[in-house]
Amino acid sequence: MPNQTKQDNKESRRDFLKTSSKILLGATALSSLGTNLFSTEIEERNYSLNLSKGENMNKLPNRILGKGNAALEVSALGLGCMGMSANHGIPPQEKDMIKLLHEAYELGVRYFDTAEIYGPHTNEILLGKAFRDRRDKVIIGTKFGLYYPFGKQQQDSSKKSILRAIDESLKRLNTDYVDLYTQHRVDTDVPIEEVADTMNELIKMGKIRHYGLSEAGANTIRRANKVCAITSIQSHYSMMMREVEDNDVLKTCEELGIGFTAYSPLERGFLGGLMNENTTFHPTLDMRSSFPRFTPEALKANQSFINYVRELAKNKKIDGKEATTAQIALAWLLAQKPFIMPIPETTKIAHLKQNLDSLKIKFSKEELMQIDSKIKTIKIVGERYPIGSDQAKSVGL
């Protein structure tokens, strides 16, 4: 009987993959259009999520990350979950975060982002508890290959490490598959082709369904994609952090039909409009305390940027109310490309609802051109990572 059960599980996974391919047929067919795959037509198509018959759920606009067999349907806004467990001060109570995750689900969010390093481990455990009764209705992305032994950043994407990491993540997430498995940082000691080949193996084994890279350079993306089709690149992208526009990463994604997951779309909270030179961060539990962009001097200098976003917010109304700076920042990012999914973080239900309302804001082409011209003239003070740090050295590889 045990052998028969294993066989049944394998057949079930194969059946799921076949069904998923049919659901995403529209996206797959578009792949024949060439490098202009991501047109506004994709954004306007109505792709249905895997909901039970009669299930009454709020529906958010959807987007497609990747193409062909690598295509993955997601809610237009995902939810970054790191701060629920680590790195942004003292973590909130687990029960409160489970309540927040359930509320996000009820509001239509379907993509939830985590990583083994968040906690470490506690964030994956949180998601495993929150979604164990609705696993097939949510999309979970987790990440591997980034570690901090003895407080020093280290990348390890050897095959042995990956195989260990995926099994441990599956246990913590209380699942037998990960929807999107992302290399957290490029490991220069392991050729990217070898990592991509391991991803192919994990897909065949049914342990993961899609492959992603985080903070990789354009050349690395191209090399990896030749071995295993990439579904999404996850990198820092916001109104204040537009590096991916200039280093060919976003261009490469568009050319190859790869989606883009934008983390820190609110610039680690700054674009929420509540920070100033008097804002403080926990010295050991909040990563921002060591970032140059969050020193009192930088926070004060960058008020010029947030003041401009406030001016933009005055001209946009949501349900009769003036938009917030966070809503403007998210709406701007959504307007850049139809294959971008921002994943703002929050630990408050009120902020979650406000973030989702950003989907109601639209910009004309003229407005976007004016905003682009203006923000390029505003000097951003403070690097995102300390110059020369391991963090700074591990991006764009």
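The values are calculated or read from the model by the stated rules, or taken from the named source; none is laboratory data. The structure presented is a predicted model; accordingly, all values stated were derived computationally and were not measured. Ligands, DNA and RNA are excluded from the accessible area calculation, which covers all protein heavy atoms including side chains. Shrake-Rupley method; radii C 1.70, N 1.55, O 1.52, S 1.80 Å.
Numbers at a glance
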quantity	calculated
Ellipticity estimate at 222 nm from DSSP helix runs (n ≥ 4, -39,500 (n - 2.57)) divided over the chain, nearest 500	-11500 deg cm²/dmol
The chain: most fluctuating residue of Leu65, Leu173, Leu100 per GNM, C-alpha cutoff 10 Å	Leu100
Solvent-accessible ranking of Leu256, Leu202, largest area first, probe 1.4 Å	Leu256, Leu202
Rg and Dmax of the stretch 115-223, Cα atoms only, in Å	13.6, 41
Candidates Glu103, Glu245, Glu201: whichever shows maximal mean-square fluctuation once the chain is modelled as a Gaussian network with Cα springs under 10 Å	Glu245
Rounded to 10°, Cα long-axis angle of helix 303-314 versus longest principal axis of the chain	80
Relative contact order (percent, whole number), the stretch 188-325, Cα cutoff 8 Å, 6+ residue spacing	15
Rg and Dmax [Cα atoms of the chain; Å; Rg one decimal, Dmax integer]	20.3, 68
Per-residue SASA entry for Glu366, accessible area with 1.4 Å probe, Å² rounded to 10	120
On Cα atoms only, tilt of 218-227 relative to the major axis of the chain in degrees	10
Relative contact order for the chain, counting Cα pairs under 8 Å that sit 6 or more residues apart, in percent	18
Area accessible to solvent at His282, 1.4 Å probe radius, in Å²	60
Greater than 20 Å apart at Cα, pairs in Lys321/Lys374; Lys251/Lys353; Lys59/Lys353	Lys321/Lys374; Lys251/Lys353
Solvent accessible area, Å² - Leu312, 1.4 Å probe, full protein context	30
Derived scalar couplings ³J(HN,Hα) [the stretch 273-281; Karplus, 6.51 cos²θ - 1.76 cosθ + 1.60; whole Hz; x for Gly, Pro]	x, 10, 9, 8, 5, 8, 6, 10, 10
